[in-house]
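One structure is given below, encoded as structure tokens.
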Amino acid sequence: MTWESEVLFAGTAQGTVLRFDKPISFWGGINPVTSAVTLAGHPQHGLTIADKILVIPSLIGSSSSSAIILELFYKKMAPKALILGNRDAILPVGVVVAKQMDWPTIPVVVLPDPPFQTGTKLHIDENGLISEFQPYTNS
């Protein structure tokens, strides 16, 4: 199965989904050193976002969220991609700044009501096409 998303920042990624079940702000909600979810009471509290395809159906806005994602890039603890349920101007700014600093970046795409659940394996291509995949196993 495939989905066409709107590309906010192009790139490719492949990996495992971590879906946020409640809205979050990266400012105060994500530890910029460990990438752990620190927002008290959040369903994903304690999980790390590093190396995950992060599905965020809804964000709580904070202009400092772009600084947190930039810190995650600096610490090499960033997610592999962001799939947003709605357009956001804040988080992609951190990705743009990382690109300007010649750091590796990640794709940022928008897909209303993203259906992906934690543990799903996804591939995102340069044009925003999202597809599920099953890793090859030698059995």
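No value in this document is a laboratory result; all are computed from the given coordinates. These numbers were taken from a predicted model, which means no experiment stands behind them. No Cβ is skipped: glycine too gets one built from the backbone with ideal geometry, and neighbour counts run over all protein chains shown.
Across the range 42-53, the number of residues qualifying as without any contact (Cβ under 8 Å) to a residue 12 or more places away in the chain and either farther than 16 Å from PRO23 by Cβ or assigned to a helix (DSSP H, G or I) (or both) comes to 1. Among the residues making up the range 54-71, a single one is outside any helix (DSSP H, G or I), touching a residue at least 40 places away in the same chain (Cβ under 8 Å) and surrounded by fewer than 21 Cβ atoms within 10 Å (Cβ to Cβ): PRO57.
For the range 98-130, the set of residues classified as out of contact with any Ser or Thr (no Cβ under 7 Å at 6 or more places or on another chain) and either closer than 14 Å to LEU72 by Cβ or of a type in the set (D, E, K, R) (or both) consists of MET101, ASP102, TRP103, PRO104, THR105, ILE106, VAL108, ASP113, listed by residue number.
Restricting attention to the range 86-121, and to residues there that are among the small types (Gly, Ala, Ser) and surrounded by fewer than 19 Cβ atoms within 10 Å (Cβ to Cβ), which single residue is nearest to THR48 (Cα to Cα)?
Let us first name the residues in the range 86-121 that are among the small types (Gly, Ala, Ser), namely 89, 94, 98, 119.
Of the ones still in play, those that are also surrounded by fewer than 19 Cβ atoms within 10 Å (Cβ to Cβ) are 89, 119.
Values: ALA89: 23, GLY119: 13 Å.
Filtering the range 86-121 for residues that are among the small types (Gly, Ala, Ser) and surrounded by fewer than 19 Cβ atoms within 10 Å (Cβ to Cβ), the one nearest to THR48 (Cα to Cα) comes out as GLY119.
Within the range 5-40, if we keep just the residues that are of a type in the set (S, T, N, Q) and assigned to a loop (DSSP other than H, G, I, E, B), the residue that is nearest to GLU126 (Cα to Cα) turns out to be THR12.
Counting only residues that are more than 14 Å from VAL7 (Cα to Cα), aliphatic (A, V, I, L, M) and not in a loop (DSSP other than H, G, I, E, B), how many does the range 72-93 have?
Let us first name the residues in the range 72-93 that are more than 14 Å from VAL7 (Cα to Cα), namely 72-80, 90.
Retained after the next criterion (residues that are aliphatic (A, V, I, L, M)): 72, 77-78, 90.
From the residues that got through so far, the ones that are not in a loop (DSSP other than H, G, I, E, B) too are 72.
Qualifying residue count for the region: 1.
Looking across the range 72-85 at every residue that is more than 11 Å from the chain's Cα centre (by Cα) and charged (D, E, K, R), the one that is surrounded by the fewest Cβ atoms within 10 Å (Cβ to Cβ) is identified as LYS76.
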